[in-house]
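A.B. asks: My questions all concern the structure below.
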Amino acid sequence: MQRYFISPAQFQQEQVWITGEDARHISKVMRGKPGDVLIVSDGISREARVAIESLEQDGVRARVVEELAMTREPRLKVTIAQSLPKGDKMELVIQKCTELGAVSFLPFLSSRTIVQYDAKKEQKRLERWGKIAKEAAEQAHRNRVPGVEQPVGWKKLLQAFSSYSLVCFCYEKEEGLQLRDVLRPFAEQRLIGDEPVSLLIVVGPEGGFTEEECREAEGARASTVGLGRRILRTETAGMTALACALYEFGEMGGV
């Protein structure tokens, strides 16, 4: 069943009003008609099965048939901090990590980041990334759309570490501590109780992190971890670490 995210203002007690690209998708692509049933979510607290009442020139009107429980979000709240990669790799990271269950994305610039940051183009790029996150969340039947933050510099990223329960700094030269060595005891400690648990996974650019950046991350209380004996591409590392983290927390058929 097709799923759409709408704003809380469009989600009334008994009716919903769907506009913009979603309305065009329903009428032109899905060829919707009165009586067809959809799922809509405000991405915050309400989700419902709705039936189309009318397809109008400026939107689609539907009535609420059944309120649904919002139970598809993982208990472990994972943010992917990704050093801006070349080309459209960031789009791939956002799409696939949204499908897996990431709650937000924090792009950043590090010393070996190749991409030239252009503030003038930033708004369009953020809109594009937000659209990709929304479409991926709909496809994966998520209850919420992950947020995509504006890119930050290295120092601001380090300052953000204190906001998370755990920070895993993925470093290809780490030969001792591996991701599982950190995640498993962390999961065992945090699976008891209902308090929110947050994890930041930090992934470097194509050229990796410098040794100085690694020391600075450790100084900011990050756990430097390896991802095995093979070197992963920058767009693969975050997905891999995310899947491992969710598995350890029983979100992918684990504990």
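The values are calculated or read from the model by the stated rules, or taken from the named source; none is laboratory data. Since the structure is predicted, the reported quantities are computational estimates derived from the model, not experimental observations. Counting neighbours? That spans all protein chains shown, and the Cβs are built from the backbone with ideal geometry, glycine included. These accessible areas exclude ligands, DNA and RNA; they are computed on the full protein's heavy atoms, side chains included. Shrake-Rupley method; radii C 1.70, N 1.55, O 1.52, S 1.80 Å.
A.B. asks: Of all the strands (runs of 3 or more DSSP E) wholly in segment 3-97, which have at least 3 residues that are open to solvent by less than 50 Å² (accessible area, probe 1.4 Å)?
C.D. replies: Strands (runs of 3 or more DSSP E) meeting the threshold: 3-5, 37-41, 47-56, 59-67, 76-83.
A.B. asks: Could you list, ordered by first residue, the pairs with Cβ atoms under 7 Å in which the first is in segment 46-60 and within 14 Å of K28 (Cβ to Cβ) and the second is of a type in the set (S, T, Y) and crowded, with 18+ Cβ neighbours inside 10 Å, at least 6 apart or interchain?
C.D. replies: Cβ pairs passing all conditions: L55/S27; V60/S27.
A.B. asks: So which pairs qualify, if the first residue must be in segment 136-149 and within 10 Å of T79 (Cα to Cα), the second must be of a type in the set (S, T, N, Q), the Cβ gap must be under 6 Å, and the two must be at least 6 apart or on different chains?
C.D. replies: P146/T98; P146/S104; G147/S104
A.B. asks: Quick check on this structure: which one of L158, L183 is farther than 17 Å from L242 by Cα, touching an Asp or Glu at 6+ places or on another chain (Cβ under 7 Å) and either among the hydroxyl-bearing types (S, T, Y) or not in a loop (DSSP other than H, G, I, E, B) (or both)?
C.D. replies: L158
A.B. asks: Another one. Kindly provide the set of residues from segment 134-151 that are among the aliphatic types (A, V, I, L, M), open to solvent by 10 Å² or more (accessible area, probe 1.4 Å) and in contact with a Phe, Trp or Tyr (Cβ under 9 Å, 6 or more places away or on another chain), ordered by number.
C.D. replies: Scanning segment 134-151 gives V145, V148.
A.B. asks: Checking D181 against (1) farther than 18 Å from L76 by Cα; (2) out of contact with any helix residue (DSSP H, G or I) (no Cβ under 8 Å at 6 or more places or on another chain); (3) not aliphatic (A, V, I, L, M), only one condition comes out false. Which one?
C.D. replies: Here D181 clears every test but (1).
A.B. asks: Is one or more of the residues making up segment 154-162 closer than 22 Å to E251 by Cα and surrounded by 20 or more Cβ atoms within 10 Å (Cβ to Cβ)?
C.D. replies: So far as segment 154-162 goes, no, none of its residues is closer than 22 Å to E251 by Cα and surrounded by 20 or more Cβ atoms within 10 Å (Cβ to Cβ).
A.B. asks: Being loosely packed, with under 12 Cβ neighbours inside 10 Å, modelled with pLDDT of 95 or more and assigned to a helix (DSSP H, G or I) is the requirement here; does E216 meet it?
C.D. replies: Spelling it out, it is not the case that E216 is loosely packed, with under 12 Cβ neighbours inside 10 Å, modelled with pLDDT of 95 or more and assigned to a helix (DSSP H, G or I).
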